[in-house]
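Visitor: Here it is, the structure in full.
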Amino acid sequence: MSNLRLQLGMVITTIVMFILMLVLNEWLFRNLEFVPGINWVYLPAGMRLLCTLLFGEAGAIGLLLVSWLVSFFYFFPNDFSRAFMGGIVATVAPYLVYRLAQRIFGLRASLTNLTPKRLLLCVVAYAVASPLLHHIWFALHGDSSNLVQGFLVMFAGDLSGTLIVIYAIKGLLLLMPARKTLVQMAGK
């Protein structure tokens, strides 16, 4: 039962963190929207990758639920297929990067072997995968206007948003007091 609570907690944390990033993004970067759903800076992209790396499948489930929530009720309330598929694609891209990192880097659940270089590779891979999958779906759905320009803007927005989120969290972690290790405690 405690594992189920933990998984549910990770799903809820993902939903809350994504919504907070979306609100912050709308507040800070509302004027940087290229078209609905594509921004020059998109902070929620960083939360998508971060929650997937931290929480795995539970993060992906949380992302799917929150992506559908914001797609159906905020971004595309009058376009069922765009909202439905947009939620799926927005979830698949970071989860795909997570699974590739597990396979290629042997990424552990603890993330102890996620070096800065590997994290940057994950960020770039995600910044490519998300707009690529979205724009493949746009093309298959018949919306072929501005595919290249839309891809480039979404890539820039996802990359910048993810880097901002990752480095902001890294900066906040540096401000936290260091925990004493067992060696330091034994020396006293």
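Read-outs throughout are calculated quantities, based only on the coordinates presented, and are distinct from any laboratory measurement. Not measured: the values here are computed from a predicted model. When we count neighbours, we look across all protein chains shown, and the Cβ atoms used for this are built from the backbone with ideal geometry, even at glycine.
Visitor: So what is the relative contact order for region 2-176, in percent, with contacts set as C-alpha pairs under 8 Å and at least six apart?
Guide: About 28 percent, as a whole number.
Visitor: Then there's this: Take the alpha carbon atoms of region 1-69, find their center, do the same for region 152-173, and report the distance between the two centers in whole angstrom.
Guide: Using only Cα atoms to place each centre, the spacing works out to 13 Å.
Visitor: What shape does region 49-150 have by the C-alpha gyration tensor, where a ≥ b ≥ c are the square roots of the eigenvalues, rounded means a/c under 1.5, and otherwise prolate means a/b greater than b/c and oblate the rest?
Guide: The shape class here is oblate.
Visitor: With no solvent and one point per C-alpha, what does the Debye sum give as log10 I(q)/I(0) for region 97-162 at q = 0.20 Å⁻¹?
Guide: Here log10 of I(q) over I(0) equals -0.78.
Visitor: Within the set of other residues whose C-beta is less than 13 Å from the C-beta of PHE72, count the net charge using Lys and Arg as +1 and Asp and Glu as -1.
Guide: 0
Visitor: Considering only MET176, MET21, MET47, give the residue with the highest GNM mean-square fluctuation for the chain, with springs between Cα atoms whenever their separation is below 10 Å.
Guide: With Cα springs under 10 Å in the chain, the top fluctuation among MET176, MET21, MET47 is at MET176.
Visitor: Just one of (i) 18.4; (ii) 17.3; (iii) 17.8 is Kirkwood radius over Cα pairs in Å as worked out from the coordinates here. Which one is it?
Guide: It is the one labelled (ii).
Visitor: Measure nothing fancy, just the Cα-based angle from helix 43-55's long axis to the longest principal axis of the chain, in degrees from 0 to 90, nearest 10.
Guide: Helix 43-55 and the main axis of the chain meet at about 50 degrees.
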